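Take a look at the structure set out below.
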Amino acid sequence: MDWGLKNRMSRIIRPDTGRSVMLAVDHGYFLGPTTRLEKPRDTIMPLAPYADVVMLTRGVLRTCVDAGIPNSVVLRVSGGSSIVGEDLSNEEIITSVEDALRLNASGIALSIFVGSKHEKQTLVSLSKLVDEGERYGMPVLAVTAVGKELGKRDARFLALSSRIAAELGAHIVKTYYCENFEKVVEGCPAPIVVAGGPKMTEKDALELTYNSISKGAVGVDMGRNIWQSDNPVAMIKSVRKIVHENATAKEAFEMFKELTKKK
Ligand code: R5P
């Protein structure tokens, strides 16, 4: 890895722990003002101090995030479809690497839709983005999207998607936790971060975090299970305790309850 790429990677995955807490707040790019992310600034700013990375679009970064924040930024650069449109998998690259550099991003993220009608288009986009990322020292995070119609969150499908992302050159792969998750990790030579998925109880989300880390993920790129919690700061602190301090799910949940009580 060239110095610039290595440096940017170290701003995403902390070299001292080898792990990362990424706060995903990019949902509006296809969902619009989704619940508890209606006013992005109000959601992001109180949580930012506890995240290593914020993952979002350039529009929200420019309008809702103070340029003085110490966090690294991973910019979502794929899109072009919406929840009410014909097909969510019909994504293309929507932001240039030049703009990502201008925004001092530490990485760029794109979704791939393996098994969908637009599989080839999204995989070719990933390859092109990796070419550009390598040229400018910009890490590429591939998101293994699970389209509505696919409904597949099993190890076989996620291992397939994650491996393809790594083979095409993704520097980090974001996928979902599933049964036999270790098979997904084993088959993917790039570091894996786990998405939280739809809101579940805090206890379950902390268990998902713990299980992901103990089976080999380097971190989480979590959204709804943090900012849709009634106590989002307590939640991100508890996630952090697992990711960076090796706490168990039980210890982290105790911490969550304690912080909630204090609040
Ligand atoms: C989805 O495509 C977005 O990239 C989100 O960043 C991702 O799903 C993670 O957020 P959540 O933890 O809410 O699933």
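Within the straight-line cut-off of under 28 Å between alpha carbons, the lysines reachable from LYS6 are LYS128, LYS174, LYS183, LYS215, LYS237, LYS241, sequence neighbours fewer than 8 places apart in one chain being disregarded. For the chain, the residue among ILE13, THR175, THR43 whose Cα projects farthest onto the positive side of the dipole built from Cβ charges is THR43.
Diffusion of segment 118-248 by Stokes-Einstein, at 10 °C in a medium of 1.306 mPa s and with Rh set to the Kirkwood radius over alpha-carbon pairs, works out to 104 µm²/s. Among the trypsin sites (Lys or Arg not before Pro) found in segment 43-148, those both in a DSSP coil and sparsely packed, with 15 or fewer other Cβ atoms within 10 Å of their Cβ, are LYS117, LYS148. Taking the Cα centre of the chain as reference, the dipole from Cβ charges on Lys and Arg (+1) and Asp and Glu (-1) amounts to some 540 debye.
Counting only protein heavy atoms, what percent of the accessible surface of segment 87-160 is carbon or sulfur at a 1.4 Å probe? That fraction is 48 percent. When the residues GLU91, GLU207 are ordered by accessible surface, computed with a 1.4 Å probe over the protein chains alone, the sequence from largest down reads GLU207, GLU91.
Whole-percent P(r), segment 3-262, all Cα pairs, 10 Å bins from 0: 7, 33, 40, 18, 2, 0.
The residues GLU179, GLU251, sorted by heavy-atom accessible surface at 1.4 Å with ligands and nucleic acids left out, run GLU179, GLU251 from largest to smallest. So the label point goes 7 Å from the Cα of CYS64 along Cα→C-beta, right? Which residues of segment 2-38 then have their backbone N under 13 Å from it? So the set is 24-38. Expressed as a fraction of 2.2 N^0.38 Å, the value expected for a compact globular protein of N residues, the C-alpha radius of gyration of segment 19-84 is 1.07. In summary, the aspartates and glutamates within cross-link reach of LYS203, defined as a Cα separation below 17 angstrom excluding same-chain residues under 8 places away, comprise ASP230, GLU251, GLU254, GLU258. For segment 170-175, the Karplus equation 6.51 cos²θ - 1.76 cosθ + 1.60, evaluated at θ = phi - 60°, returns couplings of 4, 7, 9, 10, 10, 9 Hz by residue, with Gly and Pro reported as x. Looking at segment 71-153 alone, DSSP beta bridges between its own residues are antiparallel in about 20 percent of cases. Using alpha-carbon positions, what is the distance between the centroids of segment 86-117 and segment 188-263, in Å? After rounding, the separation between the Cα centres reads 26 Å.
Over all directions, the projected convex hull of the C-alpha atoms in segment 64-177 averages 7.7 nm² in area. Multiplying the residue separation of LYS117 and TRP3 by 0.36 nm and removing their Cα-Cα distance gives an extension gain of 37.3 nm. I'd like the antiparallel share, as a percent to the nearest 5, of DSSP beta bridges with both residues in the chain. If we restrict to bridges inside the chain, about 10 percent are antiparallel.
With both labels modelled 7 Å from their Cα along Cα-to-Cβ, the ARG135 to MET200 distance reads 4.1 nm. What shape does segment 1-126 have by the C-alpha gyration tensor, where a ≥ b ≥ c are the square roots of the eigenvalues, rounded means a/c under 1.5, and otherwise prolate means a/b greater than b/c and oblate the rest? Judged from the Cα gyration tensor, segment 1-126 comes out oblate (a/c at least 1.5, b/c at or above a/b).
Among ASP99, ASP2, ASP66, the sequence by solvent-accessible area, most first, with a 1.4 Å probe is ASP2, ASP66, ASP99. A crude spin-label estimate for the pair GLU186 and GLU167, with each label 7 Å from Cα along the Cβ direction, gives 1.8 nm. Here segment 122-260 is treated with +1 on each Lys and Arg Cβ and -1 on each Asp and Glu Cβ, and its dipole about the Cα centre works out to around 200 debye.
The values are calculated or read from the model by the stated rules, or taken from the named source; none is laboratory data. In this text, all values refer to a predicted model and were calculated from it rather than measured experimentally. Ideal geometry is used to build each Cβ from the backbone, glycine not excepted, and the neighbour counts take in all protein chains shown. Each accessible area value is taken on the protein alone, full model and side chains, heavy atoms only, with ligands, DNA and RNA left out. Shrake-Rupley method; radii C 1.70, N 1.55, O 1.52, S 1.80 Å.
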